[in-house]
Amino acid sequence: MYPQHRSYLLACFDLFIVVVVWWIQKWLGHGSWQTNFWSIFLVLSITSIGFLYVLDTYHLGRDRSKAKILILITIASGGFHIVLPFIFRAFDTSFSLAAITISFLISTIYLFCIRTVLSRISSYQKGNLIVIGEEKELEWTQKFYANISEFKLVGFVTIEASASTIPNYLGHVDKLSELIEQYQVDTICISYRKLLPESLSKQLLSMKLKGLTIVSFSEFCQSFGGYIPLEYINEQWFLKNFGLPHLPFLLHIKRLLDVCFGFIGLILLCPTMLVVAIINQFYNPGPLLYSQMRVGLYSKEFRLFKFRSMSVDAEKKGGAQWAQEGDDRATAWGHFMRQTHLDELPQMWNVLIGNMSLVGPRPERREIIQKIEVELPFYELRHLIKPGITGWAQMNIHYADSLLTSKRKLEYDLFYIRRLSLIFDLIIIVKTVRVILFSRGR
């Protein structure tokens with residue numbers, strides 16, 4: 001089961017919480033729901049799913065212990081039930097605090113049991129996977145396959161020379177049919193950059209017609225990693241997969257939402273920005289705001305604004321430098337602002353005037369981009385859309401403080417551009433809230 005499919009299934013099961021809340025309220029003689037039922041159901045559904053998503057309860061990977069899942073579920077369920085009275089009052093509906101307490105206990109137990117059962121089922125339904133490629137490719141990709149919990153890695157098969165030194169090596173591709181039958185393989189991944197031999201292509205086509213799943217390494221990375229591997233794509237791939245016929249319409253809708261949320265955000269965040277400005281002047285004397293030229297849509301430069309988090313003249317000696325986690329140029333208060341993203345609040349103005357979007361690739365300086373473009377192909381494709389305050393790459397990779405991390409962020413940015421949608425933007429915004437709540441600055 002693919003991770004996103006499991007999350008959708010979990011969300012459907014989680015809606016049962018709303019039914020529990022409604023039934024217990026009715027059982028104790030409260031709630032005249034006839035006129036507002038569907039409105040209340042919609043609000044409760046969004047609220048419950050929102051709490052569960054922000055608390056990251058849809059991730060059931062190997063790194064999640066049952067105790068951690070139970071704690072997160074308890075907090076999410078508790079938060080949802082705390083806001084229930086306010087929702088009921090907003091709809092002028094009577095309610096019982098006793099019913100809310102009972103539904104909290106039932107919902108918490110139910111949510112935990114559903115995740116435990118689904119996690120067990122997923123572990124039993126693993127597909128058997130064989131990877132085809134050449135030795136040097138298989139050596140550095142084997143860790144990626146080992147971390148995919150949805151598949152059991154049977155082993156690697158090579159197209160060219162023998163590779164007996166690779167762990168889980170099964171043999172040459174000539175034995176592919178025997179290996180598939182022996183290990184009951186149902187999925188084959190092609191981790192090969194060159195053109196496949198004609199005989200192998202025909203063999204794989206025949207296997208696909210018999211029901212086997214044949215995917216490329218690039219497709220695997222997109223489905224299970226959320227990024228596009230630069231090593232396995234070329235200009236032809238981009239011409240074929242980056243048509244983006246829906247892009248102009250989406251950009252207009254994104255702009256409309258940016259204006260609405262940017263205006264509302266500036267109004268709501270004014271008190272917070274005032275407090276941050278006062279504290280910043282006390283602990284970090286000097287200019288309040290820091291402005292810098294960044295590259296945006298279609299490689300045009302614009303002036304980006306932030307609360308200053310570094311000491312005055314931090315780059316006077318070294319010039320343009322990559323931002324780093326734990327950057328020693330930042331003040332103590334500046335480190336806190338970076339962790340909580342408070343330093344980025346003035347960028348709401350950039351969103352409002354149209355230089356940036358709420359979600360998109362992080363804008364970089366021209367000097368740094370010129371260095372990166374020499375080494376990384378397709379980097380200019382990041383500028384097909386407006387840069388954002390938050391983005392898919394920021395949610396997955398820490399500061400781009402080297403060429404390697406810039407490459408990794410580019411792979412996530414390209415995935416975001418290819419999968420651009422309003423739903424994807426909403427997911428990233430919710431993930432950003434989660435990152436801020438858990439103080440995992442990016």
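The values are calculated or read from the model by the stated rules, or taken from the named source; none is laboratory data. Nothing here was measured: the structure is a model prediction, and the numbers come from that model. In this analysis, Cβ positions are derived from the backbone assuming ideal geometry, glycine residues included, and neighbour counts consider all displayed protein chains.
At-a-glance table
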| item | result |
| --- | --- |
| Residue within the stretch 49-69 that is surrounded by 15 or more Cβ atoms within 10 Å (Cβ to Cβ), farther than 18 Å from Leu118 by Cα, over 21 Å from the mean Cα position of the chain (by Cα) and modelled with pLDDT of 85 or more present | no |
| Which numbered condition Ile188 misses (of (1) modelled with pLDDT under 90; (2) within 19 Å of Phe220 (Cβ to Cβ); (3) not polar (S, T, N, Q)) | (1) |
| The one condition in (1) surrounded by 13 or more Cβ atoms within 10 Å (Cβ to Cβ); (2) out of contact with any helix residue (DSSP H, G or I) (no Cβ under 9 Å at 6 or more places or on another chain); (3) within 15 Å of Ser357 (Cβ to Cβ) that Pro248 fails to fulfil | (1) |
| Residue list for the stretch 104-133, filter: under 28 Å from Leu200 (Cα atoms), surrounded by fewer than 17 Cβ atoms within 10 Å (Cβ to Cβ) and either out of contact with any Asp or Glu (no Cβ under 8 Å at 6 or more places or on another chain) or modelled with pLDDT of 75 or more (or both) | Gly127, Asn128 |
| Residue in the stretch 313-365 that is modelled with the lowest pLDDT, counting only those that are aliphatic (A, V, I, L, M) and part of a helix (DSSP H, G or I) | Ala332 |
| Unique residue being without any contact (Cβ under 8 Å) to a residue 24 or more places away in the chain and under 14 Å from the mean Cα position of the chain (by Cα) when the list is Leu404, Leu420, Leu426, Leu414 | Leu426 |
| Some residue of the stretch 110-127 being of a type in the set (Phe, Trp, Tyr), over 30 Å from Val185 (Cα atoms), touching a His at 6+ places or on another chain (Cβ under 6 Å) and assigned to a helix (DSSP H, G or I) | no |
| Qualifying positions in the stretch 368-427 - within 18 Å of Val295 (Cα to Cα), at pLDDT below 85 and buried (at least 16 other Cβ atoms within 10 Å of the Cβ) | Tyr399, Ala400 |
| From Leu105, Leu138, residue being within 30 Å of Leu84 (Cα to Cα), in a helix (DSSP H, G or I) and not polar (S, T, N, Q) | Leu105 |
